[in-house]
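**Q** Quick one: the structure is below, questions incoming.
The values are calculated or read from the model by the stated rules, or taken from the named source; none is laboratory data. This one's a predicted model, so the numbers in the text were calculated from it and none came from an experiment. We place every Cβ from the backbone using ideal geometry, glycine too, and count neighbours over all the protein chains shown. Heavy atoms of the whole protein, side chains included, go into the accessibility calculation; ligands, DNA and RNA do not. Shrake-Rupley method; radii C 1.70, N 1.55, O 1.52, S 1.80 Å.
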Amino acid sequence: MSTRGYGEDKTNTDSAELIEIEGDLDTDLEIPDRGNILIISKDQSYLTHGIHKFPAKFFPELPRYLIQKYSEVGQSVLDPMCGSGTVVLEAILNNRVGIGIDIDSIARLITKVKTTPIDNETLKNAVDSLNQQIVLLSKSDEYTPSLPEFHYRDNWFRPFVLKELAIIKDSIKSIGQSHQISNWNDVSDFFHVVMSSIIRDVSNADPHCTRTVLRKKVTKKISPGDTLERFSQRLDRQSEEMKKFSQVVNELQVKNVILPTSTALETGLDAGSIDLAVTSPPYINAVDYPRTHQLEMYWLGLLGDGPLSKVKRKYIGTETVYKDEYRELKVSGLNTLDPVLKQIFKRDPRRAFITYKFFDDMKSQFQEMMRVLKPGSRYCVTIGNNLIREVRVRSHEILVEIAESSVGFELEKQFFSKLIRHFIRIPRKERMQGEWVLIFRKPS
Ligand SMILES: C[S@@+](CC[C@H](N)C(=O)[O-])C[C@H]1O[C@@H](n2cnc3c(N)ncnc32)[C@H](O)[C@@H]1O
């Protein structure tokens, strides 16, 4: 294990030469320790990768490189916080067994759809039936749309948008009942994810903000008929991608995807069973996942009856914390973290606790990965640094200290991956310039 002076400034890679890569990274490429890379992605919509937006989604090229470099054909690749499933899809496309876990129900649904092939004939027939049913309901005078009930529904959507979304949803349900469609669950999930992918665009929510918010100034131009038109275009495009994906899957040597319903802290996987784990954890202070997808979750019926806050507390990086928890300063015993917690606490005790809790959960996460990984195998984690109440939080250094000194991983290499982000709109000062890629190894 290396003996590093935790807390020293190890973040400066400005002097390192920038390796700029367009498209795929060659597996022979040895990115130097503390090197700097910029990936210009060409594959963000390749096959099913583009089926749904997701905050802080990986460019496929980075996990593809890590999978090819650190695992072999037939081995298992786990993403314990898989989001929209980029790692899982890349794992199966590279003939590995892809395992994806996420606490978030919409993330799980997107991952399932992205990685589940549907044969061309079945999909074509189902799409034709769906399109016919949509036309039928749109023209019917007797049709009463079944609208989901949720707070401020009529502020989030214009009346004609509500009706058109209901037509899509009701048409999916109706063809499931009236037609004999094989693998109906998979087809229905595919249709619902395509529908979900247009919901934010046709809502009144600010399109530039990851959180779902209404702003007085944002006046989107959405006309009657636009919602159905967008759905039809997305369905055409994604059906084409699904067709190509299914053809690729047919030719794979390894056809295995495992999507357990568990969490990153308690995966339920067997000890010593995993060959490689690759993940990008949530950011502290940046993305509130349930709130980001609340409109989609209402429409898909993915929010249980309980309050959103109950669900939110279980997410790593949660901002749903109680006053009793942050009245007093919590410290971690980590050299890299405690001075930062003290500074944040002076400005904002609640934020200090949120930061503390994030790293405490990440420690449990590393312990779980230490348990499930095979000896000698890697855990690749990407993480950006943050500015919280004007205090710089060097998250990657803190994670390195946790993983090495508290959990027993060895840091093999770290490099900086510069990012060009479009979907995330967080305050300019807090926007990350890129992410650290940390390659840990479980000792043999
Ligand atoms: C940055 S996103 C991952 C994005 C992903 N790499 C992709 O390409 O789409 C982080 C994910 O961590 C998930 N997450 C948060 N807390 C979790 C937990 N306790 N267990 C599993 N997943 C969790 C969030 O729901 C979110 O989907």
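**Q** Taking all protein chains as present, what is the carbon and sulfur share of the accessible area of the chain, in % to the nearest whole number, probe 1.4 Å? Could the numbers behind the result be given before it?
**A** Details: 9130 of 19910 Å².
For the chain, the apolar C and S fraction of the accessible surface comes to 46 percent.
**Q** Something else now. Run a plain Debye calculation on the range 33-140 (Cα atoms as equal point scatterers, no solvent) and give log10 I(q)/I(0) at q = 0.12, 0.18, 0.19, 0.23 Å⁻¹, rounded to two decimals, same order as the q list.
**A** Those come out to -0.51, -0.93, -1.00, -1.24, one per q.
**Q** Right, here's the next one. State the answer as a single residue: which of Ile398, Gly85, Trp156 lies farthest towards the positive end of the charge dipole of the chain, with beta carbon charges of +1 for Lys and Arg and -1 for Asp and Glu, about the Cα centre.
**A** Trp156
**Q** Tell me, what is the per residue accessible area of the range 120-250 in Å², probe radius 1.4 Å?
**A** 53
**Q** Another one. Is there a pair in Lys53/Lys312; Lys310/Lys357; Lys310/Lys418; Lys312/Lys342; Lys69/Lys442 whose C-alpha atoms are over 23 Å apart, and which pairs would that be?
**A** Working: Lys53/Lys312 20 Å; Lys310/Lys357 16 Å; Lys310/Lys418 35 Å; Lys312/Lys342 25 Å; Lys69/Lys442 16 Å.
Cα-Cα > 23 Å for Lys310/Lys418; Lys312/Lys342; rest within.
**Q** Which far-off residues, 5 or more places away or on another chain, put their amide H under 5 Å from the one on Glu412, with H placed in the peptide plane?
**A** Long-range HN contacts for Glu412: Ile439, Phe440, Arg441.
**Q** So, with +1 on the Cβ of K and R and -1 on the Cβ of D and E, and no other charges, what is the size of the charge dipole of the chain about its Cα centre, to the nearest 20 debye?
**A** Numbers: 62 positive and 60 negative charges, 337 e Å.
Once rounded to the nearest 20, the dipole reads 1620 debye.
**Q** Just from its helices, what would the mean residue ellipticity at 222 nm be for the chain, if runs of 4 or more DSSP H residues each count -39500 (n - 2.57) and the sum is divided by every residue, rounded to the nearest 500 deg cm²/dmol?
**A** Working: 15 runs with 178 residues, N = 444.
Dividing the helical sum by the residues of the chain leaves -12500 deg cm²/dmol.
**Q** Go through the range 343-350 residue by residue and turn each phi into a ³J(HN,Hα) via Karplus (6.51, -1.76, 1.60, θ = phi - 60°); whole Hz please, and just put x for glycine and proline.
**A** Those phi angles translate into 5, 5, 4, 4, 8, 6, x, 5 Hz.
**Q** Sticking with this structure for a sec: Whose amide H sits under 5 Å from the amide H of Ile19, counting only residues 5 or more places off or on another chain, with H placed in the peptide plane?
**A** Asn36, Ile37, Leu38
**Q** While we're here: Could you please tell me the mean projected area of the C-alpha convex hull for the range 207-256, averaged over all directions and given in square nanometres to one decimal?
**A** Values: hull surface 24.0 nm².
Computed as one quarter of the Cα hull surface, the answer is 6.0 nm².
**Q** Positive end of the dipole of the range 336-394, charges at C-beta (+1 Lys, Arg; -1 Asp, Glu), about the Cα centre: which of Ser377, Phe359, Leu341 has its Cα farthest in that direction?
**A** So the residue furthest toward the plus end is Leu341.
**Q** Further question on the same structure: Could you tell me how many degrees, from 0 to 90 and to the nearest 10, lie between the Cα long axis of helix 105-115 and the main elongation axis, the longest principal axis, of the Cα atoms of the chain?
**A** Roughly 80 degrees, rounded to the nearest 10.
**Q** Here's another thing I want to ask about it. What are the aspartates and glutamates whose alpha-carbon lies under 14 Å from the alpha-carbon of Lys243, with same-chain residues fewer than 8 places away excluded?
**A** Partners found: Asp119, Glu121, Asp186, Glu251.
**Q** Given that compact globular proteins tend to follow 2.2 N^0.38 Å, what is the ratio of the alpha-carbon Rg of the chain to that value? Intermediate results must be reported in sequence, preceding the final value.
**A** Numbers: Rg = 22.6 Å, N = 444, 2.2 N^0.38 = 22.3 Å.
Dividing the Cα radius of gyration by 2.2 N^0.38 Å gives 1.01.
**Q** Could you calculate the contour length gain from Glu149 to Asn183, that is, 0.36 nm times the residue separation minus the distance between their Cα atoms, to one decimal place in nm? Kindly include the intermediate steps, with their values, before the conclusion.
**A** Values: separation 34, 0.36 × 34 = 12.24 nm, distance 2.92 nm.
Extra length available between Glu149 and Asn183 comes to 9.3 nm.
**Q** Can I ask one more? Less than 11 Å Cβ to Cβ from Pro80, Lys/Arg counted +1 and Asp/Glu -1: what total charge do the surrounding residues give? All intermediate terms of the calculation are to be shown ahead of the outcome.
**A** Numbers: positive: none; negative: Asp79, Asp102, Glu266, Glu368.
Summing Lys/Arg as +1 and Asp/Glu as -1 gives -4.
**Q** What list of ³J(HN,Hα) couplings, whole Hz, do you get for the range 375-384 from phi and the Karplus terms 6.51, -1.76, 1.60, once you set θ to phi - 60° and write x for glycine and proline?
**A** Result, ordered by residue: x, x, 8, 9, 10, 9, 10, 9, 8, x Hz.
**Q** When the C-alpha atoms of the range 88-209 are aligned to their principal axes, what extent does each axis show, in angstrom, from largest down?
**A** 50, 39, 20
**Q** Can you compute 3J(HN,Hα) from phi for each residue in the range 310-320, using the Karplus curve 6.51 cos²θ - 1.76 cosθ + 1.60 with θ = phi - 60°, rounded to whole Hz and x for Gly and Pro?
**A** With the stated coefficients, the range 310-320 comes to 5, 5, 5, 5, 7, 7, 5, x, 4, 9, 8 Hz.
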